[in-house]
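Peer 1: My questions will all concern the structure given below.
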Amino acid sequence: MFNKILIANRGEIAVRIIRACKELGIATVAIFSEADRDALHVQMADEAVCVGASPSKDSYLNMHNILSAVLLTKADAVHPGFGFLSENDTFVAMCEDCNIKFIGPSADAISAMGNKANARTLMKSAGVPTIPGSDGTVDCVEEAVEFANSYGYPVLLKASAGGGGKGIRLCENENELRESYAAAKTEARLAFSNDAIYMEKVIRNARHIEVQIIADEHGNIIHLGERECSMQLRNQKVLEEAPSIGMNPELRAQLGEIAILAARACDYKNAGTVEFLMDEDKRFYFMEMNTRIQVEHPITEMITGFDIVKEQISIARGNRLSIRQEDVQLNGHSIECRINATTAGLIDYLFLPAGGLGIRVDSGIYAGYTVPTFYDSMLAKVISHGESREEAIAKMNRALGELVISGIKTNIDFQLQILESENFLQGEYYTTTLAQMIESQEIKP
Amino acid sequence: MKYEEVRELTEWLEKSSFTEYSLSIDGVHLSIGKQGAPIAPHSQLEHQQPKVLPSVAVSRAAEEIAPLPIPEVDTQAHIISSPIVGTYYDSPNPESPAFVKVGQRVSKGDTLCILEAMKLMSPVLADVDGVVAEIFVSNEAMVEACMPLFRLEV
Amino acid sequence: MILPETKQLRTLFPGSARHNSKSNSDSHSDALMDQGIDSNETLFSQGNEPSVPDGMWVKCGKCQGTIYSRQLCSYKVCPDCKGHFRISAWETIRLVTDKDSFNEWDENLTSSDPIDFPGYAQKVAALADALDVNEAVVTGRCLIHGVDTVLCVMDSNFIMGSMGSVVGEKITRAFEKAIENCLPITIFTASGGARMQEGIISLMQMAKVSAAVKRHSDAGLLYITVLTDPTTGGVTASYAMLGDIVLAEPGALIGFAGRRVIEQTIKKRLPDNFQSAEFAQENGFIDKIVSRDNMKGTLGNILKLHCRKPVACEGTTFQYFGEPCDTEPSEVVEISRKATRPTSRDVIAHIVTDFVEFHGDRNFRDDGAIVGGVGYLGDMPITVIATQKGSNLQENVATNFGQPHPEGYRKALRLMMQAEKFGRPILTLINTSGAYPAASAEERGQGEAIAQNLFNMAGLKVPVLSVIVGEGGSGGALALALADKVFMFNYSIYSILSPEGFASILWRDSERAKEAASVMKLRPKDLLEMQVIEGVIPEVDGGFDNDPSYSLDYLKQLLVHEFAELLQKTEQELLDGRYDRFRKFGAY
């Protein structure tokens, strides 16, 4: 096994990875920015190295300092978590150059899937069904208008170098498209240093369903079922559940096969997620592939009983997958609620809902912790697991009712409203549903 | 005495629990009072009276001198921190003497030490003139980003 | 309620948190072993441990930034500050020449140590062994974008690129072979100057090579220099500065005397950008700064442009329809000066393709009021020289509101003489209120500069056409308008003085400008009648800013036709025609 792993991340995912390492007997190195000196992950790790000033670009994205920290602490592997450098093929190449094991896929797989326009093209040629969209990038506004005219409005302008819901603009008609095109390019250039744009037709009443896949370095790939992620606001996931209500075993097997096909097409290794949109006719279209562990991985872990992070480490070590596809069993139902801070500040009191079967909280906060303003606002993930969807919902309601984070404002109440909404309870919701519920004032954010 | 200084003092008085305050400096006398507090008027000075402060009268007459709040004067500590994660070397090579010692005067641009990261050496230069008051790390130590290396007295 | 200080959180994680990773892993490794996973097998045996390969990171000499070598790519340009790293001669040859097209000459030439300098011979031998070059320059013949050229590339790795006997001999031979084969020559310079170890013989190389340059130039052939970092001393003071066209890499150190020597002599600190390529361009000594990734393309363009000598082609037919307007003179004046009127650069952009701009007068400064360069009018290579006004305040400051200094006219002259050398027709575009009337202009000889232009334009052995696009202001305009034919845009003016100046001198009242305009006869209609111009370029009502294509398409066709006709004349016919054209003016 690895002797020491450096976790190139922060917050709850860093804590998650450190915990997995401890259980495996692997020493841990945390990295932190000036703002994170007192963070939980820094205190939990065996060693910690400051890698720069508070802004992400100076610290968590500072490849030079992070690599130096790996070498000086004599760590033999790096786990990048999600976000930050997890999909940065330059960083992976640097690790490869230095014989440092990057716990994730290769630089080539990341760059193949990281460029969203190219990924679509690759998937199409591999026979994976894709969302009707442009062939590669759309380089001028006239091309954009031409595409929209042939596929019909509404259309989405998407940044090729984007992902994770960022850099997306919806255009309902030609006027909007003409107005948005230049702005979309500028935004993309500023956010991702790459102004390439591709387009997709908007699929009405779509469900966002993603499949967790995991591959070892010996060519074995399996899927661990799907996750329903349609409860979104502004392309950011709010609540996830597994399995998806709209699925049945046949569809699941089909979708799993397609996901594995996608992973093979880019020679994928380690854990990844293939995201699809499902339309009203239960047809699936490839949307993008996330070449890293995801925020919502815990719900898959709950229904399969399988520790994805530990498996990531094992695969990186060179071991074969510890289970086969036929061993994968989905038991019960799991829900995750993302608890975000809506104001920054000091958490002066914290009560976490523990106790009872099937409640899990993954977080990086503690009483006395000051939430910094430099990074994303996620404080914790509350995960419930029950034998049925109803039971999982009941447990989540109970858990959120007990959760107290005092000193800052959070979205706990927002989540509770979602959980008791008719759409959610019926399991009838699409990617646009949450926004609609807010607009109709059924839910107050 | 400048208009800005008068305004600053007025603002300070407003926030403090004092009700009035007067000062004599350079032959100029200043009295400020909060509402309700009595102010003895004095004759005007030749130069301009600040326009916006109705309760301020500036004159030449000497009055009692109230204590001025003395701002804490920083001992001008100037910390030079490491910009990178690396190894600290106090001399250009093992045979040479150290670049600087405690008590040594340095000028802006002088090399204080070398930081090595991934086989690349980067010198750390003094960004001000001053005296090396403290060296926080020892030769060949691993340094983190933002870690203080030197304290200079400017 | 605030809980205990965060630092104390560590005490909540007792010593077991700092476990010995080996002891804990034993039981776990058994469990893994059951699954067929051997965790005792270490991933890293000797040689597999994480380590930094040499050369993985490099430092940028300019911004001191640390660069991941994979991001450096073959151009070796810093991704942060765009600073150009110094590269070897062979690296340059690979970047700039067509694949497999380079044939090396004289690769085994070595110095025989002319002044018996101690240790010199050994140093040369050792370097030749260690490096991929035997001396400080590699010479030969190659193709650049398909164009045949002699190429010399200096290498700063070899005794700082210094010029001794071998460098001098190789380059001289290169020039001689170029003359023999009627080839252009391109030289990349990178040198600390003359080679000390060969003493006076190194100094003599400056003369030797320069003489060869002169012969090559007299043969009417093209010489392009590319100054790279560093180009100094005896190399700068000889062939480096003698190119017909002098290009430079961004940020390159270009100078004669060393900075430190100068600072010590004058006892003052010099500005940071002193002796940079940008500094040299501002001071008028560089034609163009080209970044390394654009170098091959730029060289290819320039070489191709000089490949063809424009020849008289079949006479084209052309429909003239430019009728001069009869608008109120003061209104014509107003339209000619409108802020929205397209500038000379706009005109060039519309009618000239592949325009490459050249800078500087090789004397004092690059004047922003004059734009000059080469390009194609249709298929024909031409030199274009224009007075340029700005379209906003910032641009106007840079172009001095279109009022040239003497150095602007000298830039124009230099480019015109170069056009003559290569048989290239010349187009001038004029829009200026006049030559800049200021002390600085007087100090540098404004009158003399204009006079020299008139003198030399009278004898140019290539066709010259002038077009007045806006204001044709007096001598400042005439300095570019001693041409075979002169045309005017319909709402432009051409006069001895501005109407305001005219009124002010004659009637002591510049407010009477409108009146002045109506008596001065400055409209195209008037000038056509007086035969000062040959034709008018039509414009839509209110000025061609309302429909640029209408006027510019006509202009382009007109120019193509006129140049074609002029090219059919012999040199003598051309010169006599121009002489007679101006000879006829006068009423007596």
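The values are calculated or read from the model by the stated rules, or taken from the named source; none is laboratory data. Note that the coordinates shown come from a computational prediction; the quantities given were computed from them, not determined experimentally. Ideal geometry is used to build each Cβ from the backbone, glycine not excepted, and the neighbour counts take in all protein chains shown.
Peer 1: For the stretch A:193-202, what are the residues that are within 15 Å of residue A:169 (Cα to Cα), within 22 Å of the chain's Cα centre (by Cα) and surrounded by fewer than 22 Cβ atoms within 10 Å (Cβ to Cβ)?
Peer 2: A:202
Peer 1: Hey, another quick one. Do we have residue A:404 as within 13 Å of chain C (Cβ to nearest Cβ), in contact (Cβ under 8 Å) with a residue 24 or more places away in the chain and among the aliphatic types (A, V, I, L, M) here?
Peer 2: Spelling it out, residue A:404 is indeed within 13 Å of chain C (Cβ to nearest Cβ), in contact (Cβ under 8 Å) with a residue 24 or more places away in the chain and among the aliphatic types (A, V, I, L, M).
Peer 1: Name the residues in the stretch A:134-153 that are acidic (Asp, Glu) and under 30 Å from the mean Cα position of the chain (by Cα), would you?
Peer 2: Correct list: A:135, A:139.
Peer 1: Does any residue of the stretch A:129-145 turn out to be within 14 Å of another protein chain (Cβ to nearest Cβ) and aliphatic (A, V, I, L, M)?
Peer 2: Taking every residue of the stretch A:129-145 in turn, none turns out to be within 14 Å of another protein chain (Cβ to nearest Cβ) and aliphatic (A, V, I, L, M).
Table: residues versus (1) surrounded by 18 or more Cβ atoms within 10 Å (Cβ to Cβ); (2) in a loop (DSSP other than H, G, I, E, B).
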{"residue": "C:374", "(1), (2)": "yes, no"}
{"residue": "C:384", "(1), (2)": "yes, no"}
{"residue": "C:395", "(1), (2)": "no, no"}
{"residue": "C:424", "(1), (2)": "yes, yes"}
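Peer 1: Among B:84, B:65, which is assigned to a loop (DSSP other than H, G, I, E, B) and at pLDDT below 90?
Peer 2: The match here is B:65.
Peer 1: Go through the residues of the stretch A:366-377 one by one and say whether even a single one is over 22 Å from residue A:16 (Cα atoms), without any contact (Cβ under 8 Å) to a residue 24 or more places away in the chain and either within 14 Å of chain C (Cβ to nearest Cβ) or surrounded by fewer than 19 Cβ atoms within 10 Å (Cβ to Cβ) (or both).
Peer 2: No: the stretch A:366-377 contains no residue that is over 22 Å from residue A:16 (Cα atoms), without any contact (Cβ under 8 Å) to a residue 24 or more places away in the chain and either within 14 Å of chain C (Cβ to nearest Cβ) or surrounded by fewer than 19 Cβ atoms within 10 Å (Cβ to Cβ) (or both).
Peer 1: Taking the stretch C:82-92 only, how many residues are over 21 Å from residue C:132 (Cα atoms) and either surrounded by fewer than 16 Cβ atoms within 10 Å (Cβ to Cβ) or among the hydroxyl-bearing types (Ser, Thr, Tyr) (or both)?
Peer 2: Selection size over the stretch C:82-92: 1.
Peer 1: Further, regarding this structure: Does residue B:46 satisfy being surrounded by 14 or more Cβ atoms within 10 Å (Cβ to Cβ), of a type in the set (Asp, Glu), at pLDDT below 85 and in a loop (DSSP other than H, G, I, E, B)?
Peer 2: In short, no.
Peer 1: Kindly indicate which of C:451, C:439, C:458 is more than 20 Å from residue C:483 (Cβ to Cβ), of a type in the set (A, V, I, L, M, F, W, C) and in the same structural domain as residue C:532 (by TED's automatic domain parsing).
Peer 2: Just one listed residue meets the conditions, C:439.
Peer 1: Which ones in the stretch A:31-42 are within 25 Å of the chain's Cα centre (by Cα) and either facing chain B (nearest Cβ under 8 Å) or more than 22 Å from residue A:105 (Cα to Cα) (or both)?
Peer 2: Scanning the stretch A:31-42 gives A:32, A:33, A:35, A:36, A:39, A:40, A:41, A:42.
Yes/no matrix, rows are residues, columns are (1) in contact (Cβ under 8 Å) with a residue 60 or more places away in the chain; (2) not aliphatic (A, V, I, L, M):
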position: A:7; (1), (2): yes, no
position: A:49; (1), (2): no, no
position: A:70; (1), (2): yes, no
position: A:95; (1), (2): no, yes
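Peer 1: Can you pull out the residues in the stretch A:203-237 that are free of Cβ contacts under 8 Å to residues at least 40 places away in the same chain and crowded, with 24+ Cβ neighbours inside 10 Å?
Peer 2: Once the filter is applied, which keeps residues that are free of Cβ contacts under 8 Å to residues at least 40 places away in the same chain and crowded, with 24+ Cβ neighbours inside 10 Å, the stretch A:203-237 yields A:226, A:228.
Peer 1: List the strands (runs of 3 or more DSSP E) inside the stretch C:27-118, counting only whole elements, that have at least 3 residues being within 14 Å of another protein chain (Cβ to nearest Cβ) and either modelled with pLDDT under 90 or in contact with a Phe, Trp or Tyr (Cβ under 9 Å, 6 or more places away or on another chain) (or both).
Peer 2: C:57-59, C:66-68
Peer 1: Read through the list (1) more than 12 Å from every other protein chain (Cβ to nearest Cβ); (2) out of contact with any Asp or Glu (no Cβ under 6 Å at 6 or more places or on another chain); (3) more than 16 Å from residue A:58 (Cα to Cα), then give the number of the only condition that residue A:24 fails.
Peer 2: (1)
Peer 1: Looking at A:45, A:27, which is the one that is more than 24 Å from residue A:380 (Cα to Cα), at pLDDT 95 or above and touching a Cys at 6+ places or on another chain (Cβ under 9 Å)?
Peer 2: Of A:45, A:27, the one residue that is more than 24 Å from residue A:380 (Cα to Cα), at pLDDT 95 or above and touching a Cys at 6+ places or on another chain (Cβ under 9 Å) is A:27.
Peer 1: Can I ask one more? Of a type in the set (Asp, Glu) and modelled with pLDDT of 95 or more: is that true of residue A:12 in this structure?
Peer 2: It is true that residue A:12 is of a type in the set (Asp, Glu) and modelled with pLDDT of 95 or more.
Peer 1: I need the helices (runs of 4 or more DSSP H) fully contained in the stretch C:211-296, keeping only those with at least 2 residues that are under 22 Å from the mean Cα position of the chain (by Cα).
Peer 2: Helices (runs of 4 or more DSSP H) meeting the threshold: C:233-236, C:277-282.
Peer 1: Another question, if that's okay. Considering every residue within the stretch A:182-195, establish whether at least one is outside the structural domain of residue A:258 (by TED's automatic domain parsing), more than 30 Å from residue A:333 (Cα to Cα), modelled with pLDDT of 90 or more and in contact with a strand residue (DSSP E or B) (Cβ under 6 Å, 6 or more places away or on another chain).
Peer 2: Looking for residues that are outside the structural domain of residue A:258 (by TED's automatic domain parsing), more than 30 Å from residue A:333 (Cα to Cα), modelled with pLDDT of 90 or more and in contact with a strand residue (DSSP E or B) (Cβ under 6 Å, 6 or more places away or on another chain), one finds none in the stretch A:182-195, hence no.
Peer 1: Residue A:78 - would you say it is facing another protein chain (nearest Cβ under 7 Å), in a strand (DSSP E or B) and either within 29 Å of residue A:373 (Cβ to Cβ) or under 24 Å from the mean Cα position of the chain (by Cα) (or both)?
Peer 2: Here the answer is no, as residue A:78 does not meet what is asked.
Peer 1: Okay, moving on. With the requirement that a residue be of a type outside the set (Asp, Glu), within 15 Å of residue C:87 (Cα to Cα) and crowded, with 20+ Cβ neighbours inside 10 Å, what does the stretch C:153-186 give you?
Peer 2: Within the stretch C:153-186, C:153, C:154, C:156, C:158, C:159, C:161 qualify.
Peer 1: Any idea which residue in the stretch A:46-69 is nearest to residue B:146 (Cα to Cα), counting only those that are of a type in the set (Gly, Ala, Ser) and either out of contact with any strand residue (DSSP E or B) (no Cβ under 8 Å at 6 or more places or on another chain) or more than 9 Å from every other protein chain (Cβ to nearest Cβ) (or both)?
Peer 2: Out of the qualifying residues, it is A:54.
Peer 1: Let me ask something else. Only one of (1) in a helix (DSSP H, G or I); (2) closer than 21 Å to residue C:318 by Cα; (3) among the hydrophobic types (A, V, I, L, M, F, W, C) fails for residue C:516. Which number is that?
Peer 2: The single condition residue C:516 does not satisfy is (2).
Peer 1: Can you say whether residue C:282 is surrounded by fewer than 20 Cβ atoms within 10 Å (Cβ to Cβ), at pLDDT 95 or above and not assigned by TED's automatic domain parsing to the domain that holds residue C:367, as far as the supplied structure shows?
Peer 2: Yes: the conditions hold for residue C:282.
Peer 1: Does the stretch A:313-350 hold any residues that are over 19 Å from the mean Cα position of the chain (by Cα), closer than 21 Å to residue A:42 by Cα and within 14 Å of another protein chain (Cβ to nearest Cβ), and which are they?
Peer 2: A:345, A:346, A:347, A:348, A:349, A:350, listed by residue number.
Peer 1: Further, regarding this structure: Here are C:308, C:292, C:269, C:260: which of them is buried (at least 20 other Cβ atoms within 10 Å of the Cβ) and among the basic types (Lys, Arg)?
Peer 2: C:292
Peer 1: Working only within the stretch B:78-98, note down all residues that are in contact with a Leu (Cβ under 6 Å, 6 or more places away or on another chain) and either loosely packed, with under 13 Cβ neighbours inside 10 Å or more than 14 Å from chain A (Cβ to nearest Cβ) (or both).
Peer 2: Hits for the stretch B:78-98 are B:78, B:80.
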